[in-house]
1. Quick one: work out Rg over Rh on the C-alpha atoms of the chain, Rh as Kirkwood radius.
2. Compute log10 of I(q)/I(0) for region 75-117 with the Debye formula, placing one identical point scatterer on every Cα and leaving out solvent, at q = 0.26, 0.32 Å⁻¹, to two decimals.
3. How much net charge surrounds L42 when only other residues with a Cβ under 14 Å from its Cβ are counted (Lys, Arg +1; Asp, Glu -1)?
4. Quick one: K305, K296, fewest Cβ neighbours within 10 Å first, how do they rank?
5. Where does helix 103-117 land angle-wise versus the long Cα axis of the chain, in degrees 0 to 90, nearest 10?
6. Write out the GluC sites (Glu not before Pro) in region 217-310 meeting two conditions: DSSP loop, and at most 11 other Cβ atoms within 10 Å of their Cβ.
7. Give or take rounding to whole Å, what are the principal axis extents of the alpha carbon atoms in region 10-96, in descending order?
8. Please compute the Kirkwood hydrodynamic radius of region 255-328 from all pairs of different C-alpha atoms, in Å with one decimal.
Amino acid sequence: MNSYNMQSNNRGIFTLGVDTSNYTTSLSLVCDGNIVKNARKLLPVAENERGLRQSDALFHHIKALPELCKELFSYSGYSSELLSAVGVSSRPRSIQGSYMPCFLAGINFASAVSGALKIPMYEFSHQQGHIAAAVFSSEMKTDRLEKFISFHVSGGTTDIVMCKYDSEGIVQCEKIGGTSDLNAGQAIDRTGVLMGLRFPCGKELDAMSQKSSAKFGKIKVSVKGLECSLSGLENKTKKMIAEKISREDTAAFLFEYISSVLCALTENLKNIYPDIPVLFAGGVMSNTRIRNNLSKLGNVFFASKELSSDNACGTALLAFTKFQMENS
C-alpha cells in the first residue's frame, strides 16, 4: 500500500479507481485530483510458472478485492457520502475487440459500489489508466489541447500511442507503433524464470543488473521505423544462461538491449514528430538502466517508479476528470 499527501480539504470530491490487470489487484482513492491512497496486491504465481491462466487471475482478484477495500477506505479523511464516482479498467486497450476476463472482477466490484451508493461508474482502458498515472506523476507539462506520444511498455504491451484529450479531458490513444512479436515485459519475465526467479522478475533482475560492470558496446537490434521485434532477445539471454554467463551480466544485457530498442524507436519518432513530447509508462519503465539511457534523449518524460507498474491511480484520476466535466 502506498499513500500520497492530499493537497485539498477533506470535504472535497472523492473518486474511486479500480484495476484488475492480469497480475495486480489495485484500488485507489483520489480527492480533488490528488491521490490520497493507493492499495494493491500482486497475484500469486507458482514457482517456475511464467504467468497465470485467466480463470486463476479472476479468482485471485475476487479474493483480494475485499481485503484491499478495507485497507483503502481506512483513510481517515474519507466517508462514504463523499464518494462521487468510480472509474474502472474494463479492457486492455481502447480498441474494438480488446478483452481479458480478469477485468470482469473489477467491473463487477465497481458496479456494486456504483449501484449501492447511486454514483456514476465510468469505464476506461487499462492503457488509459497507465498513461493518466504517468502524466500525473511525470514532469511533462502539456496543455489539454496538445498532443503527446506515449510508450506503454509492460508484460502485456509494448505500444507506441499518439495521445490527445477529448472534449471531456480524457486521454484517447491511437497506436502508431510497437512490437511485432514479444513484449518487453515477457522477455524480462521469461529470462528471470529461466534463472530460477519468482514471477514477476523485473524488480529482482533490476537489482542484479546494477551489480554488473560489463560493457556491451553498440547492440544490434531489430527496429524498423516505429516497429520492433524482441523475439531475438529471448534467444540471446537463453544462450547466455546456457553458457553460464553471470546472472548479473545477463540481467544487464537484457535491460541494455531493451533500452537500445526503445532509444532507436524514440529517435525514429523524433524524426517524424520532432516537437511532440514523449512519455514512458508501464511497469518495464521503472527499470533503472532503461530510464538512465532514455533520459539522455531530449523532451522525454517518465512516470514515477511507483506509478509505472500496474495501479488504479490513473483510473481514479480519469474518473475525477470526467465527473468534474459532467458537473461543471
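Read-outs: derived from the displayed coordinates by stated rules, not from any lab. Note that the structure is predicted; figures quoted are calculated from it, not measured. Here the Cβ positions follow ideal geometry from the backbone for every residue, glycine too, while neighbour counts run over all protein chains shown.
1. So for the chain, dividing Rg by the Kirkwood Rh gives 0.97.
2. -0.92, -1.10
3. Within the 14 Å Cβ shell, the charges total -2.
4. Working: K305 15, K296 8.
Taking fewest neighbouring Cβ atoms as first place, the list is K296, K305.
5. 20 degrees
6. On the way: sites: E227, E234, E243, E248, E256, E267, E306; in loops: E243, E306.
Sites meeting the loop and neighbour criteria: E243.
7. 47, 32, 17
8. Hydrodynamic radius (Kirkwood, Cα only) of region 255-328 equals 13.9 Å.
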